[in-house]
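The values are calculated or read from the model by the stated rules, or taken from the named source; none is laboratory data. Note that the structure is predicted; figures quoted are calculated from it, not measured. Here the Cβ positions follow ideal geometry from the backbone for every residue, glycine too, while neighbour counts run over all protein chains shown.
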């Protein structure tokens, strides 16, 4: 991306994140107002106040602060002191209302984030066409591929498991292979021999904003033989649906060692192209890399826009929302089995948001922030000190037992929990930086 695209992506990231936070806090504020709880301040961000306003005869300050990475609603009864000379009746405090009302106030931010997620995913599905990357090619005249007889609209020949064939109204469409670690790919050449080592050449589209230049979508991985796959539980699980098929590749990509960098030299590969009669032309292409990137050899893959029936778009909205929610719960579950390495924090989200803005359609960008919104909703529901879920749990216990949890106990648990949460945030930010730097 150009420098100005990076600037725009950063501005969009700040606006999007701040909007989700503002919506979350607006949920708390609206329910607090509904139940007549006195609110001193509705604030977006932390640090020094850049803007602080209160309506004439109003009671709540609306504040914009310098660091737009959080927000809060300050309510009477949460420790904030009223302005000098201001007397507020106890029944207007957060502790002076019924417990069920307090639970609604505490849950409102989470609920509004979930609704926002559904709305963003709905807009992404309904207001924009589905953008597909096809295997149909555009071939540059005088390229090595053109000289071999490949023409426009010939298709890239790829290997995939039969289970990845999708029957769409009688038309076979190919879905990429996705590993347990989330790596999606098609195999283009399953036995690239270079310097007496075996590699696997894979293809996966990198953009939906334009036709994909094939050289930008190719990745070379160290090859894993079928024998190695069968003797390795991780690989055997990943490739079990493929290993026994007749069209299974000679070698499989070795993902877990992350050894996939192109070398700055010429690498001979074989890439197949199907014509309209399904006849395959295999072209020997000397891939040339410069500064770790392959030089374009004159082949692009077309994208196409498709408007699905309205009923399908509605169905996809709820299906996507459900899948996203399940994925968040699974991700949280992996935290207890060493899955912290797969977490991403503010730095990782900002980096991924910029990549999406630069390479994918605005529909995808909206969909991504829909996923972030449902992440915020579910994560905030966790009964962990510092999160809404913790306060909901304490309030529920007090309501059921009709006894107040001692402030000393709450303060000690909150201090320990917040310290652990802060350490987790630091660890995730460090991992984000290491991933971006290519160390992890």
Residue check for residue 45: surrounded by 17 or more Cβ atoms within 10 Å (Cβ to Cβ), under 27 Å from the mean Cα position of the chain (by Cα), at pLDDT below 95 and not assigned by TED's automatic domain parsing to the domain that holds residue 425:
yes
Can residue 303 be described as under 27 Å from residue 16 (Cβ atoms), in a strand (DSSP E or B) and modelled with pLDDT of 90 or more?
yes
Residues of region 210-231 satisfying the condition of being in a loop (DSSP other than H, G, I, E, B) and modelled with pLDDT under 90:
231
Being surrounded by 13 or more Cβ atoms within 10 Å (Cβ to Cβ), at pLDDT below 85 and in contact with a strand residue (DSSP E or B) (Cβ under 6 Å, 6 or more places away or on another chain) is the filter here, so list the residues in region 255-275 that pass it.
260, 262
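Here is a yes/no grid of residues against (1) free of Cβ contacts under 8 Å to residues at least 40 places away in the same chain; (2) exposed (fewer than 14 other Cβ atoms within 10 Å of the Cβ):
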position	(1), (2)
376	no, no
381	no, no
390	yes, no
398	no, no
401	yes, yes
411	yes, yes
420	yes, yes
423	yes, yes
427	no, no
